[in-house]
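The values are calculated or read from the model by the stated rules, or taken from the named source; none is laboratory data. Being a predicted model, the structure only gives us computed values, none of them experimental. Cβ coordinates were reconstructed from backbone atoms using ideal geometry, including for glycine residues, and neighbour counts include every protein chain displayed. These accessible areas exclude ligands, DNA and RNA; they are computed on the full protein's heavy atoms, side chains included. Shrake-Rupley method; radii C 1.70, N 1.55, O 1.52, S 1.80 Å.
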Amino acid sequence: MEEAPNQDRRAGKRVLKIQPCFYELARIADHEIVDISDGHALSLDASPGGFLLLMPQPPQRRQVFEVHATSSTEEEETIKLVEACWTRELTFGVGGKVYLVGVRSLFEPARSTWQ
C-alpha cells in the first residue's frame, strides 16, 4: 500500500497550509456491503492540483474520497473530492501509527490550490 511520491510532483510549488479537516472514506468489503468510515485529518500543505494530509488511517491507492475543511478566507465549509496518490506510514512510540497521504483534487483546474 505504501508508495513513494512521484519525484516530478515534489519539485512543484508548495504552500504551507496547516488546518484541520474531516474526511469520509467508503470501502467495498463485499459485493453487497459498503463500509463508510470518517474521521479527522490535518492538511499540511497545498500544491497546484493537490495537497498533503496527515491521517489516522490509510486510504487505498487511487481511492476517491471526500475532504471537508473551512476556507481560510471564509467560515464556509469547502468539500473536495480527492484521489489518494501515495501513502507513507509514520510510526511513533509503541503501536502509534499515522499516515502521510498525498492527494490530488478532482474536478478542478490543476493550478488551483486548497483555499
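Would you mention how many residues in the stretch 56-79 are at pLDDT 90 or above and in a strand (DSSP E or B)?
5
Of everything in the stretch 22-39 that's within 11 Å of the chain's Cα centre (by Cα) and not acidic (Asp, Glu), which residue is most open to solvent (accessible area, probe 1.4 Å)? Even if it seems obvious, please write down each step before you answer.
Step one: list which residues in the stretch 22-39 are within 11 Å of the chain's Cα centre (by Cα), which gives 22-25.
Remaining after also requiring not acidic (Asp, Glu): 22-23, 25.
Details: PHE22: 57, TYR23: 4, LEU25: 2 Å².
Per the criteria, the residue is PHE22.
Are any residues in the stretch 77-104 open to solvent by 70 Å² or more (accessible area, probe 1.4 Å), more than 17 Å from GLN57 (Cα to Cα) and basic (Lys, Arg), and if so, which ones?
If the condition is that a residue be open to solvent by 70 Å² or more (accessible area, probe 1.4 Å), more than 17 Å from GLN57 (Cα to Cα) and basic (Lys, Arg), then ARG104 is the only one that fits.
Could you please find all residues in the stretch 48-76 being closer than 16 Å to LYS17 by Cα, open to solvent by 70 Å² or more (accessible area, probe 1.4 Å) and not acidic (Asp, Glu)?
Residues satisfying the conditions are SER72, THR73.
For SER47, indicate whether it is polar (S, T, N, Q) and either at pLDDT below 90 or touching an Asp or Glu at 6+ places or on another chain (Cβ under 8 Å) (or both).
On the way: polar (S, T, N, Q): yes; either at pLDDT below 90 or touching an Asp or Glu at 6+ places or on another chain (Cβ under 8 Å) (or both): yes.
So SER47 fits the description; yes.
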